[in-house]
Amino acid sequence: MLNKTLLWTAFFSAIFTALSLKFLHLFNFISWSPIGWVEKGMLFESAPIVIQWGLLFIVLIVTFAILYFAVSFTTSIPPSISALAIAIIAVFAIEWTITSPKTPFDAIKSVSIPFLSIIAIVLRFLTGTAVFMKKLSGESMK
C-alpha cells in the first residue's frame, strides 16, 4: 500500500510539523526543544543543528507514514473525531515523557494548547487524506 499519496502526505505533514515546532519553540509556546531528544543521544549530540533537524524530519516522515497506513482502516469513524482523539493522546504522551509531571493534573496543566492545535491540524490532514483515499480505492474496486 505504499503509494504516492501516502509519501506526499507524510512528507508535507512532516514539513509543516517541523516548521511549526520551530515556530512554537522560537516564540516560547513550548518549553522544550524539539530536537532535545537528538541531543540526549550519544551518537548525534555533537552533530550540526541542520543534521539534528534533518533527523527529526525523517522521524516525522516515518511516523506519519505509519500513522497514515494505520488510520486508513478507520473508514467508519469520521476523520475529525479520530484525528482529535489521536492528537489528544499523542500530545499528552509527548508532554508527559518530556516534562515528567508529578501528577496527572500537572500533566494537564503543562500541555501547550498551540502544540495540541498544530498536531490536531496535521492529524486532521493526515486522517482525512487516508480515509478519503481508502474509500476512493474501495469504490473503484466495485
Exercise. What's the number of the condition Val59 fails, among (1) within 17 Å of Pro34 (Cβ to Cβ); (2) open to solvent by less than 30 Å² (accessible area, probe 1.4 Å)?
Worked result: (2)
Exercise. Do you know which residues across segment 91-112 are touching a residue at least 12 places away in the same chain (Cβ under 8 Å), of a type in the set (Gly, Ala, Ser) and open to solvent by 30 Å² or more (accessible area, probe 1.4 Å)?
Worked result: Ser110
Exercise. Looking at Phe115, Phe125, Phe132, which one is over 18 Å from Thr63 (Cβ atoms) and either in contact (Cβ under 8 Å) with a residue 40 or more places away in the chain or among the aromatic types (Phe, Trp, Tyr) (or both)?
Worked result: Phe132
Exercise. What are the pairs, 6+ residues apart or on separate chains, where a residue within segment 2-21 that is within 20 Å of Ser112 (Cβ to Cβ) and among the basic types (Lys, Arg) has its Cβ under 6 Å from a residue that is at pLDDT 95 or above and surrounded by 13 or more Cβ atoms within 10 Å (Cβ to Cβ)?
Worked result: none
For this session: Would you check which residues across segment 70-90 are closer than 24 Å to Leu19 by Cβ and either among the basic types (Lys, Arg) or in contact (Cβ under 8 Å) with a residue 60 or more places away in the chain (or both) and list them?
Result: Val71
Exercise. If we scan segment 120-131, do we find a residue that is open to solvent by 30 Å² or more (accessible area, probe 1.4 Å), aliphatic (A, V, I, L, M), at pLDDT 95 or above and touching a helix residue (DSSP H, G or I) at 6+ places or on another chain (Cβ under 6 Å)?
Worked result: no
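The values are calculated or read from the model by the stated rules, or taken from the named source; none is laboratory data. Values in this document were obtained by computation on a predicted structure and should not be read as measured data. Neighbour counts are summed over all protein chains in view; Cβ atoms, including those assigned to glycine, are modelled from backbone coordinates with ideal geometry. Side chains are part of the model used for accessible areas, which takes the heavy atoms of the whole protein and leaves out ligands, DNA and RNA. Shrake-Rupley method; radii C 1.70, N 1.55, O 1.52, S 1.80 Å.
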